Each structure stands twice: as C-alpha cells, then as structure tokens.
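First comes the structure, then the notes that go with it.
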Amino acid sequence: MSTRTFKLSRRGFMAAGMAGTALATLTRHPFAHAAVPDLADYVPVFFSEYEWNFINAATSRLIPSHGEGPGALEARVPVFIDLQLAGDFGTAADWYMAEPHDAGASPLKGFQSPLTPAEVYRQGISFFDDWCKETNDSDFVSLDDDAQDLALVALEKGDVGLPDNLRDFFGLLLQNTKEGYFSDPRYGGNHGMAAWVYIGFPGARASFLEWNDPAMDNVEYPLGPVSISGERA
Amino acid sequence: MARTDPKKDVVIIGLGWTGSIAGIELAKEGLDILALERGADRDTVPDFQYPNVADELRYGVRYGFMQKPAKSTVTFRHAQNETALPMRHLGSFLPGDGVGGAGMHWNANTWRPQAEELRLKSYVTEEFGAGIIPEDMTIQDWGVTYEELEPYFDRFEYMLGISGQAGNVGGKIVSGGNPFEAPRAREFPMQPLQMQLAPRMFRDKAEEMGLHPFPMPAAIASESYVNEYGMQLGPCNYCGFCERYGCLNYSKASPQTCILDALKRYDNFNYRTHCEVLKVELAADGKTATGVTYFDEAAQEEVFQPADIVIMAAYSLHNTHLCLLSGIGKPYDPVKGEGVVGRNYAYQMTGGTKAFFEDIEFNPFVGSGSSAYVINDYGTNQIDFAAEGFIGGAYIHASQLNGQPIRNLPLPADVPSWGAGWKKGIKDWYGHSMGVSLHGSNMANRDCYLDLDPTYTDRHGRPLLRMTFDWKDNDTRMSQFMKEKIERVVAELNPTSFKSSYKDTGAHYDIRPYQSTHNVGGTVMGTDPATSVLNRYQQSWDVHNVFILGAGSFPQNIQYNPTGALGGLTYWTLDAIRRDYLSAPGPLV
C-alpha cells in the first residue's frame, strides 16, 4: 500500500462529495460497495499527482457533475483511466508498434504514433498544460469551467500545436472517459452502475426473451442493472 | 532447428468455420488429420459463459476475441504511389483468432448469393452490354453456378440451423420471404427469430410503401434444434451480446455449437492451438505441397508437418498471405495486369441512417445479431445498371443489436460529443433511436489488391501483407442510390430527426471505424488460370494438393454477408475431394 496521498482540487473534492450523496439515493441494492475507496482516497498506479489532478479536472469537464446523472468524477472515470493506462491498453500490448513510424500520415491510415497510449497521455498532458500556461497564464486545473472548456475545444480542434506524435491525445481521452463511464464496474469506473441507471441500460442482465412481445412495445424496461460481479442498482 | 513430426494425410490451417467443416467431412473418410490453429482454444464453457462474456469493454471495445495486431496485421495504403503503413490496432475489420475464428463472434446473418452474382460478368454483359463495365473494373464469374451450389447452400444452412422465412421454394414465391432470392429446395429449418419494435416498424412501413420486407436469415436458433452432426442448439434469449461475443446460450451457430464437439470424437482428428503456420512447403517441382512449417508456441520451435493434402482454412487475408509467402500461384502485378495471387481484393459497402423518436422507447439492449427486417428490392438483380450508372446492389435492413452504450449510443446531430450537452443528450436519446442501413456489394478493380509489404515484418520476420484499396465511383454511386431509398422510408416513419452517414463521390477508405469483417478476394476462384488462383473446386491451379477455403475465393464482393456463400462453397469443395480427389489425386479440372 502506497503512503502517497493525492488530493483532488478543491472543486473536485466538492463535486465528488456531492456525488456521494446523490449515489446514496440511487443505489438500493443490498450489496454494499464498502471495499471501494472514495475517489479522494484513491492512490493512482499510473498517474503522478500532477497528472491525476489534470485528469480529474479534464474528465469532469467532458462529463460534468452538474445536472441530472453522474459526472465523470462520481462515476470514478479517473480511476478507470488510471488502471487502463497501467495495464495492457496503456502499454499497447496488443498493438503493432514496430518502426518505422510516420505519425504525420493521413489520419485515414489510423494511429501511427510511436508512443503507447500511456505515453501519449503523459506527454499530452504536459504539452497541453504548457499551452494553457502560455495562453491563459494558468495551468489547466486552475482555470474556471468556461476557460477549461475553451481550452479543451482548442485541444479537440487541433489548435494547440500538438506534435504529430500526440495528435490522438484528445481522442483517447474522450474515448477512455466514455469507456470509464459506461463499462462494467469491475474496471474501476461506472461506480455503483450509476451511468447505466441514468440512461436505462441494464448491464449484464442478458436475458430478454419476453421483451420481443409486441405487448411490451414502448414499455420502459423496469429493472435496474446488474454488474458482472452480481451487484444490483 | 526445425522439428519434423510424423506425416499426416491432411493438415488444416485454421480452425474456424471452413477448417471445422473440412475436419469433420474428411474425418468421416478415416483420414489422419491435424488442424493447426494460431490462437487459443475456446469453448462455450468457460470462454463464453455468463456472466463474464457480457463485458462490453473487454470484448466489444478491446477486441478480446480478435486477432492481435502485435502478432498479425496488414499494412494499408490507398494507391500504389503511397507508402503503406501498418494497421497498428484494429478498427475497420476484425479477423478472429483462436478456435472458432470469426465464426464465433459474428452476427450470424446468413445469405446465399444471388444466382446473378455468381456469374456477374456474364450477367452484366448479357443484360446491359460489356460497354458499361468501367475499364479498370475486373469483375468476373465464379466458375460455379447457383444451381450447382444449391444443395451445398442447403446443407450448410441446415448444419447451422437457420431461422428464417424462405421467399422462393422451388420457384414458388412464398409470401413474407425474400421474393428476389433464387429458388431454394426447401424451407429454412426454423421459424424466424422474434423481432423487436424497431425492425417491425420498418417492416410495416416498407410493406405500406409496396416494398417486400422479410426477416433476416439468421444462424441463431429460434427453437431447439439438432443438426446433422448431432449438435444441439437452444432457443435464443435475445441477450444483446452477439456481435464480437461468443454466444452464452448455445443459440448462435459457431464451430463450437455446430461442429467441434462432434469432430473431437474422431480419434483420427487432432488439433493443436498456438501453432501458427509460417509457410506451405512445396516439392522441388512446385507442383505439390509436401506439408507445412509452423511455429509451436509451447515448444518455441519451428515444426515441419508433412502431409498429403493441405487445406488452407485461415481468414481470407491470411490465406492470401500464406500463398505469397509460399510461392503458391503467381503474385499479381497491377502494372502489367498479370499474375493472380492478391488480385481482386474487395470489401463491403456499408452506410446508414439513424432515426430519432422522442416518444418511443426501443429498449435497444434486447436483440440478437440477426434481429432485423430486410428488403432486397434494390438488390443486384433488381437494378438497371445502365440507367443508374453503377454495377452492384445492396440489401437494406433495420436491425436491433448491440445496444451497449460505449459503442452504440447514437445521438442527434445537434448533440455535442462531450460536456453538459452530451450528458443531457445521452439521457434524452439512449433507447430512442433506430437504424436503417445498407449492406452492399463492392466491385473488384485493377488497382485494389494484396501483396507483400517491403518494409514491415511480423514477429516471425515475415513481410506483412500489404493492402492497396480505395472506394471507387461505381460503389459510391451505389451508396448514394441506397441513401435516397433509405431516407425515403425513414422520412415516412416520421421521426423527430434523422442523421445519415454514407460514402459519397471522392470518399476515401478510412481504416479506423468498424465497417465489416468481409474482406474478400485475393485467392479468387474461376475458370481461367490467368485470372484466378483456384479452379471451380477451390483447388490451386498450380499445386493440386492445396485447397483454399473462404471468402478469398470471391472474385468481387456480393451484396450479402459472406458466410453463407463460403459455407456452401466449402461443402462443394469437400464433396469434390471426397468423391474424386482422394481416389485419384490430381487437378480436378
């Protein structure tokens, strides 16, 4: 067990705390999540403290906590991304990574960076945060919500001068954020299956024979989701 | 140093659909058979069992059952003047690896080609004149007719256990089926699958518009079924985890559910996993194969496996790759227009419209890979190619499958891709959309082909297969024709809004988004050794004890999913081997 502590920004703490309250009303299942630490207590295995703060801030703009349904922080999306980057996805274990690389090739030819996803995140966060400092006189985490959104739009549009090696950074961040929101809780995100509850996806129930009956047309499925480990919500 | 193992009568490369059929049909003959599979062993239990398989991230997104590019991939370029680059992770197409191959993670849409598609060049020439064929389009006949193949399509469909509604039985048009299909000898073995609201809405509207909707022919059991090998299937429970997943319910046809347990009971059949064939070895005169060399992962050594017959039953791209690496057939040269191996690589045209209904709840997680109503009114044999300016056709379908939210959460055009608007949009629209899509042909062209890459190699040091491919005007015109037909039906459904995505003139092939695992050609069959690798029995023209099975045989792509066609061809070839080849090995033509 690491003794390092990683603290969210104050805003992140507040958002995650509020989410805990919201979740308590959402999860009615008898199986508690007692073993799962709060987001604020999570010790990242891949990200540094600086990167962890960035990921918390960025994902909470991609899926904000405000309004109905969980945000990225309540769903513990940063935990998911951290674990993915520490594992086979982060190291591109299944990908063909042999040289030579032409990272500036037509995007139609797909990912061509010599960097693994974990390296794209690490270098991408650093590069983008430098851009934020030059452009806004502030690192990303310290910007207000609107300024963070504008910075992310610039990143998405390719307007921050990212080198070709890093051009997939935003795409990976957004894709992984949605994965962490919607994947089975066994991967660290979608905490309490709150994202599934929110949109009405029943998770791993996987048995719906009677729902083909025209009598069930336009009837909302009444049961909440189950996870692969048997949790219910 | 290579080890040499005792000789076998038959060695089979790859244990997916075609390898499993070859295995059991030749095992019945008492031959000593070894199948070599490059991937892992897989069975319903434990690999597809509930609940672990109901995992979108692992299987739907991270491609748990698919080929790993680190071990096997292709390079890609749009044209000969470009440098091809490796497909570093999967996207556009998803070859399987492991026992069952792509036959375990498919959607189980199972079609016969139209009679006209099997003699496409002759059909076009007779009906419209050869003058309408563009100069660089290299379409040709398959060398075998629908009438010849009908009993073999029938056998494959009854082996799989198809749920569906025949449209033409013995020349008699049957209401509720596909009236544009060629005559079949009998009905499908099972009644159609049950259909959800979205496909039924499409069916009702299409019918009202004078079109001819019918249920997708599905290799998914709608009732309990026992096939010719004694394998038992149970009725589908519409779990929603079909495409990219193994079936948790013994309902979807796969080598596991339809063949393998029966095959494993033959003492004269054996298979080895994690054994990738590197090369087919030829005799000094190049006219016969002596066996194969493979890499044995467990022993970490190369093995020479002598055999009298070599059945290449890998995925289409890998069969072409092995031919090029082994010197089977002359490699294609697009400049001279000579040679055959790698020639006529073709793909599949896809596209569609998402329609959004604010007041309808579709429960999109309910369904199977073949939960669809289809129209074939705009199929290859229904289009005036001369008038429309393209050769080909498509089927149009409204499917309900894979309603898992990472991959399948269609949103109206005005919903942003992130932020508060996205979060609101997913709540508003998950479960409130349906898709109507085209699944269309792709013609072969002189400059779309496969060869060996000059730069990139695989983990064994072999050159990667290089794919040179792009969309042509002929096929994008077909796509635009279908767009107009689909949007007309969708508009009649009166959705809140709809959003279309179709290839248009000038569109370039994008290897990133999933399109279909229907890569065809490269080892095409035919009647002329100058334009085909294989004769009409899928036997190598040059090396008579090598048979190559799969969609690599297709001279251009049909409008349908390929498995029905390649399954019928597999039984056709196995019948020829059993009937004629075993007693008198030599060229069958």
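The values are calculated or read from the model by the stated rules, or taken from the named source; none is laboratory data. Please read all numbers here as calculations on a predicted model, not as lab measurements. A quick note on method: Cβ atoms are made from the backbone with ideal geometry, for glycine too, and the neighbour counts reach across all protein chains shown. Side chains are part of the model used for accessible areas, which takes the heavy atoms of the whole protein and leaves out ligands, DNA and RNA. Shrake-Rupley method; radii C 1.70, N 1.55, O 1.52, S 1.80 Å.
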A correct Karplus calculation of ³J(HN,Hα) over the stretch B:576-582, with 6.51 cos²θ - 1.76 cosθ + 1.60, θ = phi - 60°, whole Hz and x for Gly and Pro, returns 5, 5, 5, 6, 10, 6, 4
For B:Val341, other-chain or 5+-apart residues with amide H closer than 5 Å (H placed, Pro excluded) are B:Lys330, B:Tyr332
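Calculate the mean, over all residues of peptide B:198-206, of how many other protein chain Cβ atoms lie within 10 angstrom of the residue's Cβ. Please list the in-between numbers first.
Details: counts 1, 1, 3, 1, 0, 0, 0, 0, 0.
Per residue, the average neighbour count from other chains is 1.
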In chain B, if every C-alpha pair distance is counted and binned at 10 Å from zero, what percent goes to each bin? 3, 18, 29, 29, 16, 4, 1, 0
Find the Cα radius of gyration of the stretch B:288-371, compare it with 2.2 N^0.38 Å by division, and give the number to two decimals. 1.89
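Looking at the calculated P(r) for the stretch B:183-297, what percent of the C-alpha pair distances fall above 17 Å? Write down the numbers at each step before the final one.
Numbers: 4742 of 6555 pairs.
Percent of Cα pairs beyond 17 Å in the stretch B:183-297: 72.
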Kindly rank B:446-456, A:52-62, B:529-539 from highest to lowest mean number of other beta carbons found within 10 Å of each residue. A:52-62, B:529-539, B:446-456
For chain B, the percent of accessible surface on carbon and sulfur atoms (probe 1.4 angstrom, ligands and nucleic acids excluded) is 48 percent
How crowded by other chains is A:148-155, given as the mean number of beta carbons from other chains within 10 Å of each beta carbon? 1
How do A:128-141, B:175-188 rank on mean C-beta neighbours within 10 Å, highest first? B:175-188, A:128-141
FRET efficiency, B:Asp5 to B:Val45 (Cβ-Cβ, R0 41 Å, nearest 0.05): 0.85
What figure, in Å² to the nearest 10, do you get for the accessible area of B:Glu29 with a 1.4 Å probe and non-protein molecules left out? 80 Å²
Tell me which residues come under 5 Å, amide H to amide H, from B:Tyr456 once H is placed; ignore anything under 5 positions away on its chain. B:Leu464
The farthest towards the positive end of the charge dipole of the stretch B:3-581, of the residues B:Leu197, B:Leu120, B:Thr380, given +1 on Cβ of Lys and Arg and -1 on Cβ of Asp and Glu, is B:Leu197
At what distance in angstrom do the alpha carbon centres of the stretch B:474-501 and the stretch B:518-589 lie from each other? 36 Å
Would you kindly derive the ³J(HN,Hα) couplings of the stretch B:507-518 from the backbone phi angles with the Karplus curve 6.51 cos²θ - 1.76 cosθ + 1.60 (θ = phi - 60°), listing them in order in whole Hz, with x for Gly and Pro? 5, 9, 4, 10, 7, 7, x, 4, 10, 5, 9, 10
Kirkwood Rh for the protein assembly as shown from C-alpha pairs, in Å, is 27.7 Å
Would you mind getting the Kirkwood hydrodynamic radius of the stretch B:250-401 from its Cα pairs, rounded to one decimal in Å? 21.0 Å
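Averaged over its residues, how many other protein chain Cβ atoms are within 10 Å of peptide B:48-54's Cβ atoms? If you can, show how the numbers build up before the last one.
Values: counts 0, 0, 4, 10, 4, 3, 9.
Per residue, the number of nearby Cβ atoms from other chains is 4 on average.
On a 1.4 Å probe surface of the protein chains, which of B:Lys485, B:Lys424 comes out largest in accessible area, and what is the full order? Mind showing how you got there, number by number?
Details: B:Lys485 35, B:Lys424 125 Å².
Putting B:Lys485, B:Lys424 in descending order of accessible area: B:Lys424, B:Lys485.
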With θ set to phi - 60° and the Karplus curve 6.51 cos²θ - 1.76 cosθ + 1.60, what are the ³J(HN,Hα) couplings of the stretch B:313-329 in order, to the nearest whole Hz, using x for Gly and Pro? 10, 7, 4, 3, 4, 6, 4, 4, 4, 5, 4, 5, 6, 9, x, 8, x
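So how do B:Lys503, B:Lys71 rank on accessible area, 1.4 Å probe, biggest first, that is with the largest at the start?
On the way: B:Lys503 40, B:Lys71 90 Å².
Accessible-area ranking of B:Lys503, B:Lys71, largest first: B:Lys71, B:Lys503.
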To the nearest 500 deg cm²/dmol, what mean residue ellipticity at 222 nm is calculated for chain B from DSSP H runs of n ≥ 4 alone, each contributing -39,500 (n - 2.57), summed and divided by the residues? -5500 deg cm²/dmol
Give me the accessible area of B:Thr288, 1.4 Å probe, in Å² rounded to the nearest 10. 40 Å²
Of B:Trp142, B:Cys448, B:His78, whose Cα points farthest to the positive end of the dipole of chain B (charges on the beta-carbon: +1 Lys, Arg; -1 Asp, Glu; origin at the Cα centre)? B:His78
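For the stretch B:344-478, compute Rg over Rh where Rg is the Cα radius of gyration and Rh is the Kirkwood radius from the inverse mean 1/r over Cα pairs. Present the calculation step by step, with values, prior to reporting the outcome.
Details: Rg = 19.9 Å, Rh = 18.2 Å.
Rg/Rh for the stretch B:344-478 comes to 1.09.
Using a 10 Å cut-off on Cβ atoms, rank the peptides A:157-168, B:94-105 from the highest mean neighbour count down. Walk me through the numbers on the way to the answer.
Details: A:157-168: 15.8, B:94-105: 25.6.
Ranked from most to least packed, the peptides come out as B:94-105, A:157-168.
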Reduced to Cα centres, the span from the stretch B:370-417 to the stretch B:234-255 in Å works out to 23 Å
Using only the alpha-carbon atoms of the stretch A:52-205, report the extent along each of the three principal axes, biggest first, to the nearest angstrom. 45, 39, 25
Note down the accessible area of B:Ser433, probe 1.4 Å, to the nearest 10 Å². 20 Å²
Heavy-atom accessible area, 1.4 Å probe, ligands and nucleic acids excluded: residues of the stretch B:354-381 down by at least 40 Å² from chain alone: B:Glu361, B:Asn363, B:Phe365, B:Val366
Under 5 Å, built H, 5+ apart or other chain: amide partners of B:Thr138: B:Ala444, B:Asn445, B:Arg446
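In what sequence, largest accessible area first, do B:Phe304, A:Phe201 appear using a 1.4 Å probe?
Details: B:Phe304 50, A:Phe201 10 Å².
Per-residue accessible area, sorted high to low, gives B:Phe304, A:Phe201.
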